[in-house]
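As structure tokens, the structure follows; a few thoughts come after it.
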Amino acid sequence: MNDEQLADASEASGLSGRTAVVVGGGLAGVTSALALADAGVRVTLLEGRPRLGGLAFSFRRGELTVDNGQHVYLRCCTAYRWFLERIEGSALAPLQERLDVPVVDVARPEGRRLGRLRRDPLPVPLHLGRSLATYPHLSLAERAGVGRAALALKGLDLADPRLDAQDFGSWLTAHGQSARAVEALWDLVGVATLNAVAGDCSLGLAAMVFKTGLLSEPGAADIGWAHVPLGDLHDRLARKALDSAGVRTEVRTRVTSLRPDGNGTWSVQVPGETLRADTVVLAVPQREAYDLLPDGALDHAERLLEIGTAPILNVHVVYDRKVLDTPFLAALGTPVQWVFDRTAASGLRDGQYLALSQSAAHDEIDAPVAALRERYLPELQRLLPGTRGAGVRDFFVTRERTATFAPAPGVGRLRPGARTKAPGLYLAGAWTATGWPATMESAVRSGVSAADAALSALGRPRPRHLFEFEEAA
Ligand SMILES: Cc1cc2nc3c(=O)[nH]c(=O)nc-3n(C[C@H](O)[C@H](O)[C@H](O)COP(=O)(O)OP(=O)(O)OC[C@H]3O[C@@H](n4cnc5c(N)ncnc54)[C@H](O)[C@@H]3O)c2cc1C
């Protein structure tokens, strides 16, 4: 938005005297801060860590800039795409022209076998028909069965609360899916997007992901990812956008308590300072939100503590030569899940840097680096023949023990919306009730919802043209 539009928004809304504090500088908080500032509210954003970006960040390791974990998004992530536009980062995180995922199975008796999940330029569901019909990792009967289950999934009503109580694994079994079909297709996609195997996953969330990604628009599952370090987007560019929207951003500033003043304003305590504001958006993880929420602000606040968490492990390997000739691939028949080429984004000048993204890594999240090295280097030799003669220049891991909320059956009931019972206090975060699993998309949606709720309470609904994104089908 340019200065003139900003002035218009502020003047038209009459909110220039209104103030908000947003607590938490992850994607949810940054989004809320931008949305409120764009509508003319004076915003202060407080982040405890030295940088913005929350769970999606980068750090330096020698000559490399490393992401804490590989992040991807899909074309159907319309809110995250809006966010990228808003921070002028879209060109740095482009989408594939058309979904194309190489899937390598290393456990076939006849040897390593490559299949592809890709789409054709045809309407739904034909766009995936040819890919499924020729997918070599399933038998003919399994492929037909997958088609039938996909149609049954399409028929599920996402608004039906009963779906949340069921688990996806049992539903797949009841719909004729073999263990192999679950492993080679449903979990291949589902573990990476939901951070849980089908048996540990709410049918409601799984149906949402598969329906939106694979059965809505033909291009919905085209994959996008940052071609630069995540910090360039979620910290550097986000900070620039916040600065030009007039947001006061304070990092290394941890909020220790929130208190209503009794006159419609809030006191927000940080070490050495008390900030006052008409509106507070609490955009921190669920446990921290529970600790900061004033008594009575939420019915059943204790439910926030029942929302489980799930880990993601990233294994980083720097080889002395090129060993992978696609930007990424997915693997079967090995503990390796997804492998990404991080070379260009990390700034590495020679050799190749791969990151293995290992979701739902409950069994390995605390394993010593030496044990992970012993396990994964031979697996990479099975998967990528080029690694066999290659030297390993560096091997390290990044562990995110609470990477996402656990998408377990029943979790929908535990996720609160943006509004609280305390006037002027709103919740945001990927874990709130967005209908999405814990993703960047969910975080941005939650940030917009919190800003929307705050603006309508101030009597000034969000001007539609300011931050509009298409609703996913
Ligand atoms: C390894 C990994 C891989 C992932 N892969 C993907 C992916 O491929 N695609 C995808 O869409 N999503 C992915 N995700 C999930 C995605 O990163 C998150 O859902 C999203 O970033 C969450 O944003 P958020 O703003 O809701 O929360 P957070 O990012 O948790 O932000 C909350 C912020 O609040 C701050 N904070 C906490 N307490 C206080 C306090 N008292 N005062 C001030 N600040 C405070 C924290 O420091 C943090 O910065 C992945 C996550 C991880 C960890």
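The values are calculated or read from the model by the stated rules, or taken from the named source; none is laboratory data. Note that the coordinates shown come from a computational prediction; the quantities given were computed from them, not determined experimentally. With ideal geometry, Cβ positions are generated from the backbone for all residues, glycine too; neighbour counts draw on all protein chains shown. Surface accessibility is based on the protein's heavy atoms, side chains included, excluding ligands, DNA and RNA. Shrake-Rupley method; radii C 1.70, N 1.55, O 1.52, S 1.80 Å.
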Qualifying trypsin sites (Lys or Arg not before Pro) in the range 320-417, DSSP loop, other Cβ atoms within 10 Å at most 11: ARG349, ARG388
Give the Rg/Rh ratio for the range 347-461, taking Rg as the radius of gyration of the Cα atoms and Rh as the Kirkwood radius, to two decimals. 1.18
Sorting VAL411, VAL397 on solvent-accessible surface, 1.4 Å probe, most exposed first, gives VAL397, VAL411
PRE zone check, label point 7 Å out along Cα-to-Cβ of SER216, amide N under 15 Å, scope the range 151-173, hits 154-159
Based on alpha-carbon atoms only, what is the radius of gyration of the range 356-404 relative to the globular estimate 2.2 N^0.38 Å? 1.25
Given a 1.4 angstrom probe, what's the average accessible area per residue across the range 204-266, in square angstrom? 41
Which percent of Cα pairs goes in each bin when the distances of the range 258-328 are cut into 10 angstrom slices starting at zero? 14, 31, 18, 13, 14, 9, 1
Roughly speaking, what is the stretch gain from VAL251 to ASP157, that is 0.36 nm per residue apart minus the C-alpha to C-alpha distance, in nm to one decimal? 29.6 nm
Regarding the chain, what whole-number volume in Å³ per residue does the convex hull of its Cα atoms give? 144
Do any GluC sites (Glu not before Pro) in the range 85-193 lie in a DSSP loop with no more than 13 other beta carbon atoms within 10 Å, and if so, which? GLU88, GLU97, GLU110
Please report the orientation-averaged projected area of the range 28-87, defined via the convex hull of its C-alpha atoms, in nm². 5.4
Give me the percent of the accessible area of the chain that comes from carbon and sulfur atoms, probe 1.4 Å, all protein chains in place. 51
Furthest towards positive pole of dipole, THR309, THR253, GLY412, structure part the chain, Cβ charges: THR309
In debye to the nearest 20, how big a dipole does the chain give about its Cα centre with +1 on each Lys and Arg Cβ and -1 on each Asp and Glu Cβ? 620
Residue-normalised value, i.e. accessible area per residue, for the range 365-407 at 1.4 Å probe, in Å², stands at 48
Counting Lys and Arg as +1 and Asp and Glu as -1, each charge on the Cβ, what is the dipole of the range 298-392 about the Cα centre in debye, to the nearest 20? 580
Only helices at least 24 Å long along their own axis, judged from Cα atoms, and with Kyte-Doolittle mean hydropathy of -0.5 or greater: name those in the chain from DSSP H. 440-457
Within the range 246-308: Cβ-based charge dipole about Cα centre, in debye rounded to nearest 20 (Lys, Arg +1; Asp, Glu -1): 280
Just to verify a number: FRET efficiency for SER244 and GLU374, C-beta to C-beta distance, R0 = 45 Å, to 0.05? 0.35
Send over a whole-number figure in Å² for the accessible area per residue of the range 61-107, probe 1.4 Å. 38
Determine by what factor the alpha-carbon radius of gyration of the range 300-384 differs from 2.2 N^0.38 Å, reporting the quotient. 1.32
